[in-house]
1. Give, rounded to the nearest 20 debye, the magnitude of the charge dipole that the stretch A:292-374 has about its Cα centre when Lys and Arg contribute +1 at Cβ and Asp and Glu contribute -1 at Cβ.
2. Put a dot 7 Å past each Cα toward the Cβ at residue A:141 and residue B:214; how far apart are the dots in nm?
3. Treating cross-link reach as a plain straight distance, find the lysines whose alpha-carbon is under 25 Å from the alpha-carbon of residue B:92, omitting any fewer than eight places away in the same chain.
4. Across peptide B:96-105, what mean number of C-beta atoms from other chains lies inside 10 Å of a residue's C-beta?
5. Cut-off is 10 Å between beta-carbons; in what order do B:66, B:115 appear when sorted fewest neighbours first?
6. Highest GNM mean-square fluctuation, chain B, Cα pairs closer than 10 Å: which of B:281, B:188, B:379?
7. For chain A, which cysteines have no second Cys with its Cβ under 4.7 Å from theirs?
8. By its C-alpha gyration tensor, with a ≥ b ≥ c as the square roots of the eigenvalues, how is the stretch A:238-368 shaped: rounded for a/c under 1.5, else prolate for a/b larger than b/c, else oblate?
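No value in this document is a laboratory result; all are computed from the given coordinates. None of the values given here were measured: they were computed from a predicted structure. Note that each Cβ is placed from the backbone with ideal geometry, even for glycine, and that neighbours are counted across all protein chains shown.
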Amino acid sequence: MTEHVVIIGAGHNGLSCAAYLARGGMRVTVLEAAGQVGGAALTREFAPGYRVSAGAHLLYALDEGLRRELALDRYGLRMAADSLYTIALDPDGQFVSVANGALGGPGAAAADQEAMALYHRQMNRFADIVWGLKDQLPPRLGTTGRKDLFALGKLGLRIRRLGKNDMREFLRIAGINLYDVLQERFESELLKGALSLDGTLGTFLGPRSNNSVFCALHRFNQGRGYAIPAGGMGTVSVALDAAARAAGAKIRTGARVAGIDMEGDRVRGVTLEDGEQIAADLVVSNADPKTTFERLLGLRHVEAGFADRVHHLRTRGCVAKLHLALDDIPQFCGLDGEQRGQRLVVAPDLQYVEHAFNPAKYGEHSARPVMEISIPTVHDDTLAPAGKHVLSANVQWAPYDLKGGWDGAKDAFLDTCLDVLEEYAPGIRGLVSASELLTPADLEAEFGMTGGHWHHVELSLDSFFMLRPVPGSAQYAAPVNGLYLCGAGSHPGGGVMGCAGRNAARAVLAGAA
Amino acid sequence: MKTFNIDSREHYRNKVFPSPFHERQAALNENREWSRWYDYLSVPAYTCSTMEYFAGRNTCGVFDLTPMTKHRITGPDALTFLNRLVTRDMTKVKPGRVGYSVWCDDRGQVIDDGTVFHLHEGDYRLCSQEHQIDWLLINARGFDVSVVEDTHDVAALALQGPTSCAVLKKMNLPEVESITPFGLKHFDFEGTQLTVSRTGYTGDLGYELWIDPDHAGVLWDRLFEAGELHGIQPMGSEALELLRIEAGFILAGEDFAPAMHTVRHRNTRSPFELGLGWLVDFDKPVFNGRRALLREKAEGSRYALVKLDIEDNKPAEHAYVYDTRGRNIGWVTSAMWSPSAKKNIALATVETPHGETGEKMKVEIYYQRELKWHRKMADAVVVRDAFWDPPRRRATPPADF
Ligand SMILES: Cc1cc2nc3c(=O)[nH]c(=O)nc-3n(C[C@H](O)[C@H](O)[C@H](O)COP(=O)(O)OP(=O)(O)OC[C@H]3O[C@@H](n4cnc5c(N)ncnc54)[C@H](O)[C@@H]3O)c2cc1C
């Protein structure tokens, strides 16, 4: 009899896992708590007639192989725009654009052109090492298994193949902070500010925190730039959903799993919130590791050392999501029509970014936040009524555990965001007909991700590859017979990518073989 | 009264405290020597460790157990908590019973060993060799359980030796003789509760007595009054060390390196490697170390802990152990001349596959005679049973001696 696999969560990784497992011959049921699939990769209405990518809004990491293998384009995936580049906004219109290693815009310093080309070339080479790992099953440490040693050897070889100079630079900067690296290389404060955002977005790091170079590498995608799926990020999930169904997976929404059931030392299935029990030979969790082990399984079912590592996982989200319904396209200082559709960044200099981060350490939000802005309606007129626009922004830093809680503080923070936007796009306040601010607490409530964390678990060198989320479950198999992880908390981390789901499916199929 | 109040701002001025029995001990401590046992002063030998040892085998000795690390574990999940913590099945340790066990880390390496007293339904005392509260609290996450260290709130004495039961009977503890090995009973005593367990670290008939520190003095006095005609003696830690080696009991920090204090992973030991495989119950669906121990069981252990019967009478302390072809295969961890077994005995760690009962080995003994060093390659054989294991250890009711 074919084995029955229950997947908890229909985030894009859960769906990717379902599609691969179903294609691998497993009987698959996906149980999703929300009313629709996609997790943090979805499109939904936030004001009457206005729809937005409510979680992830810019696509930069979707695995091309996965897109092809699962024929996502056949299931409706199409880009409304791609190869979008970054524009560092300036209130005086002296903006700088960064497109595939080339600087543009009135604010670009001649001295930075060459430095940017070198930075782009090196970061891409270094990022290849990180990206090269993304569809690999992480090796286990301390074994003499050939696969494990081979995988480690390959990593070593990739680094070695950089050649002497680049290898030295890679080893020098991989673990340090982006602030120092940018200071060494560039003149323009605006450019440095914008680039520093890449090292901090979605993580609890400022530009001066170690690990920020690594986080920047995790986002570097070989110069492909950013894309916006037609119909918003939900289109990716809808296509994955269709691909999984076509392969035979059953997908149920509105089915919240209350607990993972055990029989002896094996999983036996899951129990839904309404008491319904669903038997399964294997359970794969797309929920984040903390949710999976602390709430759904219960720490008592794992050994104490592992439970302790799970307990100490860092899951403090710090990105808020801002959605604005606009009566007209906002006028950002100095930008023309085409430029307003790019990835717009508010990060005027390194000090500003670091100062925006500092309060987060003490449970306060930025007085002047940084932003990553997208106006998808420039490319896609299906998201808003004719002539109207939607603005979507990732806003940092808004710590999950805000002192005093978010309840009383949300309006003020929204106001702060609008003040900042007003500086860069005068008059924008007047265009706003509706708004929505999702704090990490709201993101947690809506998407079920602990702490509202972008990566489910902080992305850092101490929780990457064979260490992600924690040793003992880094090969997707949890230290509980029959239980696997497949979400952003596992290698290779968050972002709309689909790799964690596919790798997990491979691990499950290999384990069942 | 507590020995000391950890909340007091002044507590740090004193690192080592007198036990609640201190006055009584000081009066009898002819050597005037004290050693440190974690937070307490302890007596190595009151008069002469050999005499105190013989009291433990021929009459009875009283050893102050207060410094032993103690914890109280209560709450609805107390049993499931303990079952995840230790390797053995705690559902089998009913109220009024005591279970010896070890506990491991996730690598299946022994953190410590100790005894769990099931005092009342769902109410446990865990005694450990090492300080364990951090690990216990880490273990408590996800359980509805209360774990407190109460070392300072419980005074305890070990009363060990053939006349120990007679002494307790004389103290008018009703039916104390009916307590079976690893059993316990609570008694009304001088307006407080005295708990008596038939447990100990000597491999002989013996008991352990647990009481609140305010009644420590009166317990000591009543015990010595009752024991006067039964040869009762105070006993120091040196004598206890001899008694436990004869009994074949292992000591953390001596016969194995506790996993939490070990930097080099190879130097820790699993329960199988300590000869404690009988304490590992794989029928339990989860306990710390289970997955690693299952692997070890399938793949084999690296070491074995053996009891050695060695020729001649020179204690093989710290000796290297060789196979018969002269290859170094291990080392001795505890050794002594056993007066009761009349044997030269040792506990040793050897590499597997060595360590089968009956296997012959060589032990390299260095000894001094009037300061001059001598070396001897002594023949040794691996034995299965404890060197000292008299029937009276188990007989219930114990015979009167
Ligand atoms: C504010 C924000 C902005 C982001 N912006 C971007 C971006 O621009 N570009 C980008 O690439 N990435 C972005 N990310 C990251 C990206 O959205 C996530 O890393 C990614 O969506 C995670 O996918 P996943 O499938 O692993 O998990 P999720 O999307 O979190 O899916 C998990 C699913 O499990 C379900 N679930 C949880 N518990 C249960 C239960 N008990 N029973 C049933 N179902 C359950 C949840 O409802 C959810 O659907 C952003 C993240 C955030 C929070």
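1. It works out to roughly 460 debye.
2. Taking the simple label geometry, residue B:214 and residue A:141 are separated by 5.3 nm.
3. Reachable lysines: B:70, B:185, B:284, B:297.
4. Mean partner shielding for this stretch: 1.
5. Lowest to highest Cβ neighbour count: B:115, B:66.
6. B:188
7. If one checks each Cβ against the other cysteines of chain A, A:215, A:318, A:333, A:417, A:499 turn up with nothing under 4.7 Å.
8. It comes out oblate by the Cα gyration axes.
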